[in-house]
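The values are calculated or read from the model by the stated rules, or taken from the named source; none is laboratory data. Given the structure is predicted, the values throughout are model-derived calculations rather than measurements. When we count neighbours, we look across all protein chains shown, and the Cβ atoms used for this are built from the backbone with ideal geometry, even at glycine. All accessible areas refer to the heavy atoms of the entire protein, side chains included, with ligands and DNA or RNA removed. Shrake-Rupley method; radii C 1.70, N 1.55, O 1.52, S 1.80 Å.
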Amino acid sequence: MKRKLAGAIAIVLCLAMPVTATGQTTTPQNFVAGGISYNPGDATPIAGTGLYARAVTDSAGTYAFTIIDAIPTSYSPFTVVTNIGAGIAQKVVTIGKVPIFMPTAAGISINGDNTGWYWSSGALASIHLKGSWYLMPNLRFAKSSVNDSSGYQVIAGLLVAFGK
């Protein structure tokens, strides 16, 4: 019960952050980001996420990106499902001065000798902090053929990005 409540609180905080932020509307041409993700439905809920994006168009807010998720599936022995994907992120709305993007990616999922497909989508906010630094809360869902028993996974994450 406590774990489900903590997951719900984390998701609400990630969604509420863009509404209260006072950043500027500009987003970088290129950026690299890294951070943590939380999957409330998993036995090992904390994961790592990395992202590299490059603007395709300035005016439309379209980015081509690559993403990697390292999702632990067990601690003893320690095993990880690695999802690597490429995709497009499109700015869909601006709330206040914070642009909200819809990233969609597809790629490969790897766990030891087991290899399969993976895809994800969701929402990501780009909050300008200072200089070239950005905070990017996100809420995504993912599906992997390597981890069939998990079904669709809801992932709330927080990335710190550097971009120019």
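Ordered from longest to shortest, the equivalent ellipsoid semi-axes for segment 42-114 are 31, 14, 8 Å, each the square root of 5 times a Cα gyration tensor eigenvalue. In segment 94-164, the portion of solvent-accessible area held by carbon and sulfur atoms comes to 64 percent [1.4 Å probe, whole percent, DNA, RNA and ligands not counted].
The phi-based Karplus calculation (6.51 cos²θ - 1.76 cosθ + 1.60; θ = phi - 60°) puts the 3J(HN,Hα) values of segment 84-93 at 10, x, 10, x, 10, 10, 10, 5, 10, 6 Hz, whole numbers, x for Gly and Pro.
Each of SER76 and TRP117 was given a label point 7 Å from its Cα along the Cα-to-Cβ line. The distance between the two points is 3.8 nm.
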